[in-house]
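Below: the structure, in structure tokens.
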Amino acid sequence: DGSMDRYALDAASQDEDAAASVGIDVKREKLKITALSAAMCAFGGALFGQYQMYIGPDTIAGLGISLNMVFAVIAGGMWTLLGPTFGAVFTQVLTE
């Protein structure tokens, strides 16, 4: 939480022009966080694909899957760092 990257992202989210004026490369910071987000999504998708053993429209975009994801976030806590992860584990244990 105390890293310079976090402060740079916070400054860029508040006012991009002001962040750029103090020497923060806003485009580079946004690109870094987008790449990190894409890598995390790819990792999660690969794990989900291995777990399901079959990926089709009904397994990734059905109403039940969407509601399960929303319930997992709510059950774990929306404004905590690891809340959605704990909620996902909790709901997965309940379904198993």
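The values are calculated or read from the model by the stated rules, or taken from the named source; none is laboratory data. What you see is a predicted model; the values in this text were computed from it and never measured. Ligands, DNA and RNA are stripped out before the accessible areas are found, and what is left, the full protein with its side chains, is counted by its heavy atoms. Shrake-Rupley method; radii C 1.70, N 1.55, O 1.52, S 1.80 Å.
Excluding ligands, DNA and RNA, the accessible surface per residue across the chain is 79 Å² with a 1.4 Å probe. Taking all protein chains in place and a 1.4 Å probe, what share, in percent, of the accessible surface of the chain do carbon and sulfur account for? Carbon and sulfur together cover 68 percent of it. Kirkwood radius for segment 37-79, taken over all pairs of different Cα atoms as the inverse mean of 1/r, rounds to 11.6 Å. Sequence-ordered 3J(HN,Hα) estimates for segment 73-85 from the Karplus curve with 6.51, -1.76 and 1.60 and θ = phi - 60° stand at 5, 5, 5, x, x, 6, 9, 10, 5, 9, x, x, 5 Hz, glycine and proline given as x.
For Ala18 and Trp79 in one chain, what is 0.36 nm times their gap in residues minus the Cα-Cα distance, to one decimal in nm?
Values: separation 61, 0.36 × 61 = 21.96 nm, distance 2.73 nm.
Stretched fully, the Ala18-Trp79 segment lengthens by 19.2 nm.
Size descriptors for segment 18-63: radius of gyration and Dmax over Cα atoms are 17.1, 50 Å. The angle between the Cα long axis of helix 26-52 and the longest principal axis of the Cα atoms of the chain comes to about 10 degrees, rounded to the nearest 10. Distances between every pair of Cα atoms in the chain, grouped in 5 Å steps from 0 to the bin holding the largest one, split as 2, 11, 13, 18, 16, 12, 11, 10, 5, 2, 0 percent. Each Cα pair under 8 Å and six or more residues apart adds its separation to the average, and for the chain the resulting relative contact order is 13 percent.
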